[in-house]
Amino acid sequence: MSEILDTRSGAVRYLSFNRPKKMNALTRGMYADLAMALNDSAGDFSVRAVIITSEGDHFTAGNDIVDFMDNPPTADSSEVATFLAALLNFPKPLIAAVKGNAVGVGTTMLLHCDVVVATPTANFSMPFVSLGLVPEAGSTFLFPSLVGYQRAAKIFLTGETFGSMQAMEMGLIAEIADDALVAATRIAQQIAEQPPQAVINTKALLKARNHDSVAAVMRAEFEIFALALQSDEAMEAFMKFMVKKGSS
Ligand code: COA
């Protein structure tokens, strides 16, 4: 069974993280599948909107830490970099349905979505600093732009977790719903019924102001991230996670 479920309902394509036993932690293979599906959807006229969702109780626990240790992504051609580029450049409406934990890239990818719906009990966190790393996916630009410098700095530097109410007040999510996927589907279908070129043009205009800045920040983040992955601070944090895992 694929770790990214790829299904269709009419003009809406669903990409669902399917590794629930590992809290949907994202591996290189999953990033590659996501990138391929996004790029394919971009060129497929019959796809009018894409929903990113998850199997099981959680959205995703972020990048797979074992993968970080075994295959640290250091090149622009790495699967995670390819996925982030596909996300940044995706021209059609991208909607996320979030439940449970959205950790690391599970939260930063939401900054690229056009509409995010979350359940009332969803939790968001970006504990990159706690792992000896730096935030990625353009989030050091996008997150302070959204919530203000100090709130972004506090969340990044402490690694704290926040809930749906706070995420909604920040503008990170558009809606809270008991069934996030049902609500996301309703929104996606509504958009899919709109004139498609007007939808694409409007998204392009909405994203135009930040696109090049985000691309530049993403590149800078990636360079520092790649170095940080091999640092003593990161190794120590990864080992702590592995020890906890081994003792559970
Ligand atoms: N990478 C690899 N495996 C992960 C993972 C990750 N990022 N997050 C969770 N898992 C695995 C756990 O190892 C565990 O697997 P096991 O049952 O084979 O030991 C399983 O998923 C369930 O996670 P567990 O830690 O037991 O759940 P919890 O409810 O106690 O804790 C978290 C939830 C999210 C707090 C905890 O899993 C965690 O801190 N994960 C790492 C998050 C992270 O730092 N992500 C990277 C961000 S850049």
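Laboratory data are not the source of any read-out in this text; all were calculated from the coordinates shown. Keep in mind it's a predicted model, so treat the numbers as computed, not measured. A quick note on method: Cβ atoms are made from the backbone with ideal geometry, for glycine too, and the neighbour counts reach across all protein chains shown.
Express in whole angstrom the spacing between the alpha-carbon centres of the range 1-78 and the range 173-218.
Result: 18 Å between the Cα centres.
Taking the simple approach of a point 7 Å from Cα along Cα-to-Cβ for both MET36 and SER2, what is their distance in nm?
The modelled label-to-label distance comes out at 0.7 nm.
Provide the percentage of antiparallel DSSP beta bridges, counting only those with both residues in the chain; round to the nearest 5.
30
Explain nothing, just the number: relative contact order of the range 4-181, from Cα pairs under 8 Å at least 6 residues apart, as a whole percent.
Relative contact order comes out at 19 percent.
Would you work out which of GLN190, PRO93, ALA61 lies farthest towards the positive end of the dipole of the chain, given +1 charges on the beta-carbon of Lys and Arg and -1 on that of Asp and Glu, about the Cα centre?
Projecting each Cα onto the dipole axis, the largest value belongs to GLN190.
With θ set to phi - 60°, apply the Karplus curve 6.51 cos²θ - 1.76 cosθ + 1.60 along the range 78-92 and write out the HN-Hα couplings as whole Hz, x wherever there is a Gly or Pro.
5, 4, 5, 5, 5, 5, 5, 5, 5, 5, 4, 9, 5, x, 10
Rounded to the nearest 0.05, what FRET efficiency do GLU233 and ARG151 have when you use their Cβ-Cβ distance and R0 = 35 Å? If you can, show how the numbers build up before the last one.
Details: r = 24 Å, r/R0 = 0.70.
Taking R0 as 35 Å, the efficiency between GLU233 and ARG151 is 0.90.
Between SER16, CYS113, ALA75, whose Cα lies farthest towards the positive end of the dipole of the range 4-181 when Lys and Arg beta carbons carry +1 and Asp and Glu beta carbons carry -1, centred on the Cα centre?
Of the options given, the answer is CYS113.
Rounded if a/c is under 1.5, else prolate if a/b beats b/c, else oblate: with a ≥ b ≥ c from the C-alpha gyration tensor eigenvalues square-rooted, which is the range 4-181?
Here the range 4-181 falls in the rounded category.
Going by average Cβ density within 10 Å per residue, which order do the peptides 115-125, 61-71, 221-231 take, highest to lowest? Mind showing how you got there, number by number?
Details: 115-125: 22.4, 61-71: 18.9, 221-231: 16.8.
Packing order, densest peptide first, comes out as 115-125, 61-71, 221-231.
Need one number: nm distance between label points at ASP70 and LEU205, each 7 Å from Cα along Cα→Cβ, rounded to one decimal.
4.8
Before rounding to the nearest 500, sum -39500 (n - 2.57) across all DSSP H runs of length at least 4 in the chain and divide by the residue total; then give [θ] at 222 nm in deg cm²/dmol.
Helices in the chain give a 222 nm mean residue ellipticity of -16000 deg cm²/dmol.
What's the FRET efficiency of GLN190 with GLU160 using the Cβ-Cβ distance as r and R₀ = 41 Å, to the nearest 0.05?
Efficiency computed from Cβ-Cβ geometry: 0.75.
Checking the a/c ratio against 1.5 first, then a/b against b/c, what shape does the Cα gyration tensor give for the range 132-213? Present the calculation step by step, with values, prior to reporting the outcome.
Numbers: a/c = 2.79, a/b = 1.41, b/c = 1.97.
It is oblate, given that a/c is not under 1.5 and a/b is not larger than b/c.
So for each of 156-162, 214-220 I average, over its residues, the number of other beta carbons within 10 Å; can you give me the resulting order with the highest mean first? Write out the running numbers ahead of the final one.
Working: 156-162: 14.7, 214-220: 16.6.
Going from most to least packed, we get 214-220, 156-162.
Which links in LYS154/LYS203; LYS21/LYS203; LYS92/LYS244; LYS99/LYS207; LYS99/LYS244; LYS99/LYS240 stretch past 32 Å when you go from one Cα to the other?
Details: LYS154/LYS203 30 Å; LYS21/LYS203 35 Å; LYS92/LYS244 41 Å; LYS99/LYS207 26 Å; LYS99/LYS244 24 Å; LYS99/LYS240 26 Å.
Correct reply: LYS21/LYS203; LYS92/LYS244.
Which order do the peptides 11-20, 181-190 take when ranked by the mean count of other beta-carbon atoms within 10 Å per residue, highest first?
Packing order, densest peptide first, comes out as 11-20, 181-190.
Under a crude label model (7 Å from the Cα following the beta-carbon direction), how far is VAL182 from ALA216 in nanometres?
4.6
Under the rule of at least 5 residues apart or a separate chain, name every residue whose amide H is placed under 5 Å from the amide H of GLU175.
Under 5 Å from the amide H of GLU175: VAL116, ALA118.
Which whole-Hz couplings ³J(HN,Hα) result when phi for each residue of the range 207-218 is put into the Karplus expression 6.51 cos²θ - 1.76 cosθ + 1.60, θ = phi - 60°, listed in order with x for Gly and Pro?
With coefficients 6.51, -1.76 and 1.60, one gets 8, 4, 4, 9, 3, 5, 5, 5, 4, 5, 5, 4 Hz.
Treating only the Cβ of Lys, Arg, Asp and Glu as charged (+1, +1, -1, -1), what charge dipole size does the range 4-181 show about its Cα centre? Round to the nearest 20 debye.
Dipole magnitude for the range 4-181 comes out near 140 debye.
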